[in-house]
Amino acid sequence: MKPSLYARSLARESRGARGRLTFFVACLAVGVSAVVAVAGVSASLDDGIRQEARQLLAADLVIAGNRPLPGGFDPAAAGIAGVLATRIEETVTVVSAPASVPGRPGPSQLVELKAVSGDYPFYGRLVLRPARPLSALLDARTAVVASELLARLRLAPGGNLRIGGQSFRIGGVVLSEPDRIGVAVTFGPRVFISTAGLARTGLAGVGSRFSHRLLLAFPAGTSGPAIQAAAERLKRGLPNASFYRVETYRDARPELRENLARVERFLGLVALLSLFIGGIGVAQTVRAWLAGRLDAIAVLKCLGMRPREIFALYLGQTALLGLAGSLAGIAAGVAVELLLPRLFPDLIPAALLHPWQPAALLRGLALGLGVALLFSLPPLSAVQRVPAVRVLRREAEPLPAHRLAVAATAAALGAGVLALATVQSRSLRLGAQFTCGVALATAILAAAALLVTRAVRRLPRDSSSRWTRLWARPWLRQGLAALARPGAATMGATVALGLGVLVVLAMSLVERRLAREFTRDLPLDAPTAFLVDIQPDQWPEVAELLRRSGARRVESVPVVTARLAAIDGVSAEALAGRRGGDRSRRGSERGRRDGDRGGREQRWALTREQRLTYMDRLPADNQLLQGRMWSGPGRAEVSVEEGFAEDLGLRLGSKLRFDIEGVPLDLTVTSIRSVNWRGFGINFFLVVAPGVLEQAPQQRLAAVRLPPGGEQRIQDELAAAYPNVTMLRIREILDKVRKVLARIALGVRFLGAFTVAAGIAILAGAVSAGSARRSREVALLKTLGMTRGGVVANFAVEYALVGLVAGAIGCGGAAILAWGVVTRGFELPQELEPLPLAVGLLATILLTVTAGLAASARALQRRPIEVLRDDA
C-alpha cells in the first residue's frame, strides 16, 4: 500500500468514532500520568541532589565514621594544596533550661548536638539569627539552637542552656541547615556548640556515642576528577579505611539516592499497574470499535486490500490514539508534579522539583505507546479473519481464531508486559515477579467474572419456577441477566476495579496495622524508656532516683564497646572488602531485594561498633536455639543472636576476635539464640560469659517503666543531676517512625487512586461503547411498560453486581497481600480488620454504580420512538 493511500485510509477510518474512542485516550492517559509523575518526581529529586550535592554535603569531600579520625591524619594527604578542613562531632543528648522554681529542675529536651571546629558550612547556607557566620557566634561558652527548642524550653536568645551540666549562653537561632534532610527521622531540635564547648561538657568520654565527620573544601576551580582522585588517595592513607566512608560531592549522597531509587522502583510498579489496567480498557475499546467496523473491513477486502494491510491500517489507528493518550497523560503527569509540593509541602521540597524531565516524559510516551499496541493485539487479530462475504450477508461473523494464533498472541502480550515491567523497575527479577503477580490476580478476577456470567445464564426463566417467583421484580431479573448479555462490561470492569481496590486497600491495611503497632500501649511489662551513657559509679544513685520517682521494672546491664577484628582468623577489614565486592557485583542488576541479609547488612555488622554485655542467665525473651550456656566461670564464650549469626555466617565453634580500646579479646561462639525484639527489653546481639569483661572500660544501659505522665519530670531531674545520661522515650521515637511510614503509605494510596480511576474509565468506556445497544434495550423496556426508575434500577443491579464481585475479590486479595507484607516484611502478627474491608467493598459498589449510571445517562434520556425509528 502506498503511503499516500495509507494516510487517506487512516484519516477516513478516524471519522465517526471520536466520541467512543475518547475512553481509549482516557484509559491510557490515567496510567501514563501516574508513570510520568513518579518518574518525573524521582528524576527531579535525583537531579536536585546532584546539583545541590555540595550544599547537601556542605563540602567537596567528607570523611565520616563512628570512630574519631586518627590524631595524626593530615588532610594534606589529598595531594592538593590549600585544602580547608572542618571537624564535626554529632550525638544525641538531653539539654535543660535553668530552673524557674528554686529546688526544682528546669525543663529538658532530647536534642541532636553538633560540635563544629572550623568554618561551617563550606557550601550552602546556614540561616542564622543574627545573620552572622556560625564561627562568630560560637565560643567555648555559647550555643546556637533551633528555633523550636526555644519554644519547647521557653527560652529566648541571650538566655542560658545547660548541656552536659555546663551552662551555655544562647548566642543565636538556627532557621535552616544545608545538610539536614527534612524527611528523615530526627531525634530532636539541633544544637550547635564549638569543639571547645564540647570539651567543657565531658560528653565525649570513653564509650560515648558520637559520629565523626571531616569536611574538606578544595580551592576554587578544582575539577571533579581531581577531587575524586584525592578521595582515592585519602582512602589509601586512612588506617582501618573500611570503618570510614569517603564521599565526594560527585557521589551526591549515595545512601539517599539509593533509597530514592528503591522508592521509585516500588511506586513506579504501582503506576505501571494503573497503566496496565488502562491497557485492559484499550483492549475493550478496540474490540467494541472493531465490532462496529466489520462491514467496512469486509468492503475493504472486496476492494482488494490485503488482510495484513487492513491489520496495519487499524494498528496505525491504534498507534495514533496511543500517541494522543500518552501526550494527554504526559500533560496530566506534569500537572500532578506541579501540584504535589502544594498538596504535601512537608514531604516534597518544591525547590528540588523541576517538571521538565525529558527522560521521564519519554518513558511515559514509550510505555503508553507500548501498552496501547500490546493490549490491542488480541482484538486486532480478528481483523484478518473477517470474511469478505459479510458484504452480502450481515450475519457472517469473523472466523474463530486458530489455537496457535491465540497462543502466539498471548505469548506476545505476556512477553511485552514482562519487558515493560523490567524497564520500569530496572530489574528482570522484579519485572518477572510483578508480571506473575499481576497475571495471577488478573486470572482470579477474570475467573470470578466468568463464573458470575455463567451462573446468571443458568438462572431459570420459567415463570412457574420457584426461583423466578423468588426474583419476582422485573428490574432485578433484567439486571442480573444483563451481566451475561453480549458486549457486557463484566470481565474487563471486574478485573480493572478489582486490581485497583487490591492496591489501595492493601496499602491502607498495612499502614493501619503499622500505625496501630506504633501507637498502641506497650506491653504491661515492657519498659517505656531507655537510659544510656550511665557511668558505672553513677548507677546506684541513678537507680535510687528512679525508684524514688515511682519507676518500676528498673533493669540495668553493663555495656562494653568493641570492634570486631577478625572471624576465624580472617580480619574484619578483609571480610568487609570481600562483602563489598560481592555487593558491587550484585548491584549491577539494581534489583537486589530490600532487607537482603547479604551486602549492606553484612558489611555494616563487620564495620560498626559492637555493644557487648555479660550476664549469668539470658533474659526471658531470649530462647536458646543451638548450643548451651556457659560451661564455666571465666571461659571466653559468647552467645550470638540468630540474625546476627546468619549475617556473618557464624556457627557453633566460630572464633571471634574483638578490639577493646586497643586490647584484643578472643571469644568462642558456644550458643545461638532467638530474641523477641518486640518486647522492648534489654537485648544484645552478643552476650559474653561472666568473668571476661568485668575489667574492661564500660558504661551501663538501663530500661525502666516510668509512671504515666512522669516521663518529662524524671527526664528533667536526670538532666539536672546527671547531665551525661541520655533518656530515650520509646513512645516519642515510635511516633516519629510512624509519621514517616504514614507518608510513604500516603504516596502509595495516591498512586493507587490512579488505578481505581483507570478502572472507572474502563467501565464508563465499555458502557459508552455499547451505547447503541443500550439505547435499544432502554427503548424496548420502556415500550414494554417499564418506567425510567425501573430501567435505572435494572442498570444499578447490573453495575452493583460487577462492583460486588470486583470489590470482594479485591478486598480478599488486599487482605492476603497485607498479611504477607505485615507478617513477612515487618515480622508482626496480622490482625483481621473487617471494618476497612467492609467499607472498601461498599465504596467499590457505590463507585461502580455511580460511574455506570453516569455513562448510561444518554441512553436513559432518549425517547423510545427515536431509537425505534433509527433502527427502522
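The values are calculated or read from the model by the stated rules, or taken from the named source; none is laboratory data. Just so it is clear, the structure is predicted and the values come from calculations on it, not from any experiment. In this analysis, Cβ positions are derived from the backbone assuming ideal geometry, glycine residues included, and neighbour counts consider all displayed protein chains. Side chains are part of the model used for accessible areas, which takes the heavy atoms of the whole protein and leaves out ligands, DNA and RNA. Shrake-Rupley method; radii C 1.70, N 1.55, O 1.52, S 1.80 Å.
Miscellaneous remarks
- Of all residues in segment 494-517 being over 17 Å from residue 830 (Cα atoms) and among the small types (Gly, Ala, Ser), the one that is modelled with the highest pLDDT: 498
- In segment 826-837, residue modelled with the lowest pLDDT [restricted to those that are out of contact with any Cys (no Cβ under 7 Å at 6 or more places or on another chain) and surrounded by 12 or more Cβ atoms within 10 Å (Cβ to Cβ)]: 826
- Residues that are modelled with pLDDT of 90 or more and not hydroxyl-bearing (Ser, Thr, Tyr), drawn from segment 628-643: 636, 637, 638, 640, 641, 642
- Flag for residue 376 being closer than 30 Å to residue 387 by Cβ, buried (at least 18 other Cβ atoms within 10 Å of the Cβ), under 35 Å from the mean Cα position of the chain (by Cα) and at pLDDT 80 or above: yes
- Taking segment 162-180 as the range and being over 25 Å from residue 215 (Cβ atoms) and not in a loop (DSSP other than H, G, I, E, B) as the test, the residues that pass are 162, 166, 167, 169.
- For residue 143, the conditions (1) modelled with pLDDT of 90 or more; (2) among the hydrophobic types (A, V, I, L, M, F, W, C); (3) more than 27 Å from residue 710 (Cβ to Cβ); (4) within 34 Å of the chain's Cα centre (by Cα) are fulfilled apart from (4).
- Counted as qualifying within segment 70-157 are the strands (runs of 3 or more DSSP E) with 1 or more residues that are under 30 Å from residue 229 (Cα atoms), open to solvent by 30 Å² or more (accessible area, probe 1.4 Å) and not hydroxyl-bearing (Ser, Thr, Tyr), namely 84-96.
- The condition of being buried (at least 19 other Cβ atoms within 10 Å of the Cβ) and modelled with pLDDT of 80 or more does not hold for residue 319.
- Taking every residue in segment 642-653 that is touching a residue at least 24 places away in the same chain (Cβ under 8 Å) and pairing it with any residue that is surrounded by 16 or more Cβ atoms within 10 Å (Cβ to Cβ) and charged (D, E, K, R), at least 6 positions away or on another chain, the pairs with Cβ-Cβ distances below 7 Å are 642/673; 647/601.
- In the set 665, 625, 652, only one residue is assigned to a strand (DSSP E or B), closer than 20 Å to residue 569 by Cβ and at pLDDT 90 or above; that residue is 665.
- Given (1) over 30 Å from residue 661 (Cα atoms); (2) at pLDDT 70 or above, index of the condition residue 66 fails: (1)
- Among (1) at pLDDT 75 or above; (2) in contact with a helix residue (DSSP H, G or I) (Cβ under 8 Å, 6 or more places away or on another chain), the one test that residue 362 misses: (2)
- Scanning segment 791-819 for residues that are over 26 Å from residue 831 (Cβ atoms) and open to solvent by 10 Å² or more (accessible area, probe 1.4 Å) gives 792, 793, 796, 797, 800, 801, 805.
- Unique match (being closer than 30 Å to residue 70 by Cα and either polar (S, T, N, Q) or in a loop (DSSP other than H, G, I, E, B) (or both)) among 684, 658: 684
- Segment 538-558 residues that are on the phi < 0 side of the Ramachandran plot, paired with ones that are of a type in the set (Phe, Trp, Tyr) and part of a helix (DSSP H, G or I) (beta carbon under 7 Å, 6 or more apart): 556/539
- The set of residues in segment 357-366 being within 27 Å of residue 310 (Cβ to Cβ) and surrounded by 19 or more Cβ atoms within 10 Å (Cβ to Cβ) consists of 365 alone.
- Check on residue 520, surrounded by fewer than 23 Cβ atoms within 10 Å (Cβ to Cβ), at negative phi and modelled with pLDDT under 75: yes
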